[in-house]
1. Return, ordered by residue number, the residues of the stretch 34-68 whose backbone nitrogen is under 20 Å from a label point located 7 Å along Cα→Cβ of ASP84.
2. Calculate the spin-label point distance for ARG109 paired with CYS246, positioning each point 7 Å from the Cα along the beta-carbon direction, and give it in nanometres.
3. What residues qualify as long-range amide H neighbours of LEU6, i.e. H under 5 Å apart, gap of 5 or more or another chain, H built at 1.01 Å from N?
4. Using Cα positions and a limit of under 20 Å, work out the aspartates and glutamates in reach of LYS149, with same-chain residues fewer than 8 apart set aside.
5. Quick one: order HIS202, HIS132, HIS252 by neighbouring beta-carbon count within 10 Å, fewest to most.
6. Between (i) 86, 48, 32; (ii) 63, 59, 31; (iii) 53, 41, 39, which entry matches Cα extents along the principal axes in Å as derived from the coordinates of this structure?
7. Pop the C-beta distance of ALA267 and ALA156 into the FRET formula with R0 = 41 Å and round what comes out to the nearest 0.05.
8. Can you tell which of VAL245, VAL124, VAL50 shows the greatest fluctuation in a Gaussian network model of the chain with Cα springs below 10 Å?
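Where a number appears in this text, it was derived from the coordinates with a stated rule and is not lab data. Just so it is clear, the structure is predicted and the values come from calculations on it, not from any experiment. With ideal geometry, Cβ positions are generated from the backbone for all residues, glycine too; neighbour counts draw on all protein chains shown.
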Amino acid sequence: MGTLQLNGGVTLEFDDQGSGPTIVFLHGWSLGKEAFARQRRDLSERYRVVVPDMRGHGNSTKFVSGDGIGTLAGDLEQLLVELDITDVILVGWSMGALVAWQTVTGPQRGRIRGIVTIDMVPRVLNGDGWQHGLRAGTHLYDVDIDLSKMRDDWRAFTRAYVPMVFASGKAIERRELIDQMLELVRDNDLESMTNLWHALVHADFVETVQALDVPTLITYGALSQIYTEDAAIWMDRHIPRSRRVCFAESGHAPHLEEPQRFNQTLAGFADELEQQGND
């Protein structure tokens with residue numbers, strides 16, 4: 001475990017294990033680097049695996065009102081520079097995918113070899129011609145209700161929210177994963193969580209992803225309670241140099257629900273890009 005002091009007095013805690021081609025994992029909202037514990041354990045035998053606690057999570061600096069996805073991307077850019085990371089694959093789960101997309105359009109884009117997204121879409125809210133967001137057809141009024149629920153009783157909100165992360169109809173099978181995730185999210189800083197939620201649900205990367213110029217692997221769960229398969233199909237059709245892989249037994253978290261297959265899929269993608277770089 002390491003700690004970086006970034007510009008503006010920002011602290012970023014991270015894990016850095018293994019050697020070889022580098023993969024940086026970017027966690028989802030309200031979680032942290034422990035969401036990728038299985039990937040860190042299994043993949044660090046062949047790759048350098050770097051997993052930060054993004055701002056607002058763990059012991060990293062809080063995420064304040066007015067910050068946006070660009071703030072998290074700026075932190076990631078500094079991490080890439082400070083740790084001398086080049087030719088990296090960014091793996092973004094949910095909110096982490098937004099950070100990856102923001103970063104690949106920024107000043108450190110030359111350091112990025114490829115992107116892997118985990119059950120995420122470029123815009124969370126539906127409307128204005130976009131219908132591939134949250135399954136519930138969330139609009140601004142619903143967002144305000146969620147924010148109010150978070151502020152009223154964070155633990156009650158997480159008890160309702162966390163089971164939805166996993167495959168539909170498999171709550172009993174996923175009980176251990178649900179309990180582990182509840183443990184990860186329950187002590188989060190509430191202000192950071194509400195500020196982050198506001199930032200991510202108002203982010204819009206629909207145009208950005210259609211102009212990407214790096215290989216992209218789109219992974220998603222067939223049983224996701226958050227997004228539809230149609231969203232993954234849209235991304236595959238509109239993101240240049242992309243392909244998609246469906247995890248039939250997973251919901252919003254294929255890397256947790258089918259970790260062995262996910263790790264094999266990711267390793268295959270990484271090895272393919274490494275071979276292309278050597279040709």
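1. 47-52
2. The two pseudo-label positions are separated by 3.2 nm.
3. THR11, LEU12
4. Leaving aside aspartates and glutamates fewer than 8 places away in the same chain, those within reach of LYS149 are GLU183, ASP187, ASP189, GLU191.
5. The order, fewest Cβ neighbours first, is HIS202, HIS132, HIS252.
6. Comparing each candidate, only (iii) matches the computed number.
7. Taking R0 as 41 Å, the efficiency between ALA267 and ALA156 is 0.55.
8. Maximum among the listed residues: VAL245.
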